[in-house]
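**Q** To start, I am sharing the structure in question, which I have written as structure tokens.
The values are calculated or read from the model by the stated rules, or taken from the named source; none is laboratory data. Worth saying up front: this structure is predicted, and the values here are computed from it rather than measured. Quick reminder, even Gly has a Cβ in these numbers, built from the backbone with ideal geometry, and neighbours come from all protein chains shown. Ligands, DNA and RNA are stripped out before the accessible areas are found, and what is left, the full protein with its side chains, is counted by its heavy atoms. Shrake-Rupley method; radii C 1.70, N 1.55, O 1.52, S 1.80 Å.
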Amino acid sequence: MRVAPYGKNRLLVSYETLKNAKCASGTCTGTFSGTHFRLVDWSGKLQGADKVVKARISGDIAVLKDGTLTWAYAPVTPSYTTALNGASPTTKTLKIARLKP
């Protein structure tokens, strides 16, 4: 989960979810179901519905001078059908996600 200021009075919360998740011994498996973006006010009150995108957008959020939020991410869909064994999806592409308040 990541949190960043979004505009003057809100925060953006982003997180990934698994469908049909099953967890045992600290390992969870399931089907990747998207990255969620949620706006909340400073008291934690939800500001509208979640926006869900199919891409896995994770990592640190950079806040630019004008309030724009940016992330660098690899455009891959991870598989969590079995426990991870150190192998990761491979790509030679890096994308930038950008969100303006």
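**Q** Which lysines have a Cα less than 18 Å from the Cα of Lys100, not counting those fewer than 8 places away in the same chain?
**A** Lys8, Lys51, Lys65
**Q** Separate question: Of Lys65, Lys54, which has the most accessible area and how do the rest follow, probe 1.4 Å?
**A** Values: Lys65 215, Lys54 180 Å².
Order by accessible area, largest first: Lys65, Lys54.
**Q** Magnitude of the Cβ-charge dipole of the chain, K/R +1 and D/E -1, about the Cα centre, nearest 20 debye?
**A** Values: 15 positive and 5 negative charges, 48 e Å.
Computed charge dipole of the chain: roughly 220 debye.
**Q** Cut-off 10 angstrom, C-alpha nodes, Gaussian network model of the chain. Which of Asp66, Asp50, Asp41 fluctuates the most?
**A** Result: Asp66 has the largest fluctuation of those listed.
**Q** Let me ask something else. When DSSP assigns beta bridges and you keep just the ones with both residues in the chain, what percent turn out antiparallel, to the nearest 5?
**A** Details: 30 of 30 bridges.
If we restrict to bridges inside the chain, about 100 percent are antiparallel.
**Q** In nm, to one decimal, how far is the Val63 label point from the Lys100 one, both placed 7 Å along Cα→Cβ?
**A** The modelled label-to-label distance comes out at 1.9 nm.
**Q** Shifting gears a bit: Could you check the spin-label model distance between Thr90 and Tyr73? Points 7 Å from the Cα along Cα→Cβ, value in nm.
**A** In this crude spin-label approximation the distance works out to 2.3 nm.
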